[in-house]
1. Could you please give the count of residues in the range 87-115 that are more than 16 Å from the chain's Cα centre (by Cα) and either on the phi > 0 side of the Ramachandran plot or surrounded by 14 or more Cβ atoms within 10 Å (Cβ to Cβ) (or both)?
2. Answer with yes or no whether Pro59 is at pLDDT 95 or above, surrounded by fewer than 19 Cβ atoms within 10 Å (Cβ to Cβ) and of a type outside the set (A, V, I, L, M, F, W, C).
3. Based on this model, can you work out whether Leu150 counts as touching a residue at least 12 places away in the same chain (Cβ under 8 Å) and crowded, with 23+ Cβ neighbours inside 10 Å?
4. Would a scan of the range 160-179 turn up a residue that is touching an Asp or Glu at 6+ places or on another chain (Cβ under 7 Å) and not in a loop (DSSP other than H, G, I, E, B)?
5. Give the residues of the range 10-32 that are touching a residue at least 60 places away in the same chain (Cβ under 8 Å) and under 29 Å from Pro164 (Cβ atoms), sorted by residue number.
6. Got a number for residues in the range 1-16 being of a type in the set (S, T, N, Q) and surrounded by fewer than 16 Cβ atoms within 10 Å (Cβ to Cβ)?
7. Check off (1) of a type in the set (A, V, I, L, M); (2) surrounded by 17 or more Cβ atoms within 10 Å (Cβ to Cβ); (3) over 17 Å from the mean Cα position of the chain (by Cα) for Met126 and give me the number that stays unchecked.
8. Enumerate the strands (runs of 3 or more DSSP E) found wholly within the range 1-110, keeping only those where 1 or more residues are among the polar types (S, T, N, Q) and touching a helix residue (DSSP H, G or I) at 6+ places or on another chain (Cβ under 7 Å).
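The values are calculated or read from the model by the stated rules, or taken from the named source; none is laboratory data. Values in this document were obtained by computation on a predicted structure and should not be read as measured data. Cβ sites come from the backbone with ideal geometry, for glycine too, and all protein chains shown count toward neighbours.
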Amino acid sequence: MKIQRIGSRGIVFSFPELDQVNLVAIYGKQFTYLCDTFIGSEPMEEIKKFFIKENRNQPIIVFNSHWDWDHVWGNCAFSDSIILSHQYCRENLEKGFWSELERNKSYIRGDVKPLFPNLVFTEEIMFAEDQVKFYHTPGHTNDSASCFDLVDGTLYVGDNVEYPIPYVSHPDVNTYIQTLKSYIELAPKIIITGHGNRWSLDLVKDNLKYLKQLVSDQEIDQSDWNEDIMQRHQENMKIWRKL
C-alpha cells in the first residue's frame, strides 16, 4: 500500500493490483471519510490501523463510488460505520453482489461479506460542517457518484475517468459526456481517479473527446493503443450500440 497526502487534509491509499486502485480519505472535523473499500477486509484493516496512528478518533463514513466489486468488497470491515452511496448502487449490489463475487473470487484479500450501503441519496448529500459533498455523476455505470472536498478542491471521480480511454459499462453515453463536462466546469484543484496514477483535468478532457467521437462515429486515433485498450474500445462500442 502506497500512502500519499494531498491538500490540507486528504490521503490517497494506492494498491498495485487491478491497474492500481486508489482510495481517498478526507479528514473532516466531524467525520473521517473513506472513498471506496477495495477487495476485502485485509487491506481495510491496514487503513484502519493507519487512522489510529493518525489519532483519527472520529467516526468513519464509507462512500461507495459505484457498485463494481473492486470498490466495495472491503465494506465488511466497517460494520459499525455509515456506508454511503447513490440509491442505484445499493440496488445494483443487491442484484449482483453474489454473481460478481463468484466470478472474481480469486482476487479476495481477507474476508468478503455482503455489507451494503445503509445511507443512500438520489441527487446529492452534503456534510456541511466538514464541507464534503457526494453527488450523482452517472457515466461509467448508472450509479456512479463522486466526492468533492470543498475545502481543498479535491474531486474523487471513481471509475468515471480512466487512462487512456474510459470503460463504458452503461449505454447512456450522452449522460456520461455531460458528467465529464461538469467535472471540467467544476475546475477542481486536485482530481483523483479510481485507478492508475495519471490524475489531471487533461485526462478528463481526453476521455471527453473520446466519448464524443464514440457517439458520433468519428475516426479515433488508435496508433498508441495496446491490445488491452483496443479490446476496451471494442467493448465500449458494443455497450454504446445497445442504447
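1. So the count comes out to 13.
2. yes
3. Values: touching a residue at least 12 places away in the same chain (Cβ under 8 Å): yes; crowded, with 23+ Cβ neighbours inside 10 Å: no.
No.
4. Looking through the range 160-179, none of the residues is touching an Asp or Glu at 6+ places or on another chain (Cβ under 7 Å) and not in a loop (DSSP other than H, G, I, E, B).
5. Scanning the range 10-32 gives Gly10, Val12, Ser14, Glu17, Leu18, Asp19, Gln20, Val21, Asn22, Val24, Ile26.
6. 2
7. (2)
8. Those strands (runs of 3 or more DSSP E) span 10-15, 32-35.
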